[in-house]
1. At a 10 angstrom cut-off on C-beta neighbours, averaged per residue, how do the peptides 52-61, 28-37, 13-22 rank from highest to lowest?
2. Could you grab the relative contact order for segment 28-74? Cα pairs under 8 Å, six or more apart, rounded to a whole percent.
3. Along the positive direction of the dipole of the chain (beta-carbon charges: Lys, Arg +1; Asp, Glu -1; about the Cα centre), which of A61, A44, N28 reaches farthest?
4. Given +1 on the Cβ of Lys and Arg, -1 on the Cβ of Asp and Glu, and no further charges, what dipole in debye does the chain carry about its Cα centre, rounded to the nearest 20?
5. Ignoring solvent entirely, what values of log10 I(q)/I(0) come out of the Debye formula for segment 2-78 at 0.15 Å⁻¹ when each Cα is a single scatterer?
6. Any aspartates and glutamates with Cα under 16 Å of the K46 Cα? List them, leaving off those in the same chain fewer than 8 positions away.
Amino acid sequence: MILHLGSDYFVKTKEILMILDYEEAACNKDTSLFLKDMETTALAGKPRAVVITEEQGTHKAYLSPISPRTLMRRGSGDKDAFLRNISQK
């Protein structure tokens with residue numbers, strides 16, 4: 001399954017390591033240091049969540065304008081969530 005992060009960005013749910021609240025992550029010294037060396041993509045809009053993924057062995061951070069709670073709900077497969085199945089070929 002894939003998860004829509006905002007703008008035209010999608011990630012595979014199996015690649016998501018964690019979803020953090022942006023303001024809390026920015027205020028926390030240890031989390032800021034952890035994110036500092038990561039490849040980061042800022043999506044359009046005010047960041048509300050940080051989505052950490054591991055894609056092909058590389059850790060990436062996406063700054064999403066969608067709240068962490070909404071992303072978590074979507075990722076859990078709630079009925080109103082915006083998820084798509086990826087057909088395995």
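The numbers here are math on the coordinates, done by the rules we state, and not lab data. Bear in mind that the values here come from a model prediction, so they are computed numbers and not experimental data. Every residue, glycine as well, gets a Cβ built from its backbone with ideal geometry; the counts of neighbours run over all protein chains shown.
1. Values: 52-61: 13.7, 28-37: 11.5, 13-22: 15.6.
Highest mean packing first, the order is 13-22, 52-61, 28-37.
2. Computed value for segment 28-74: 36 percent relative contact order.
3. The listed residue farthest towards the positive side: A44.
4. Numbers: 13 positive and 12 negative charges, 69 e Å.
Here the chain has a charge dipole of around 320 debye.
5. -0.45
6. List returned: D8, D21, E23, E24.
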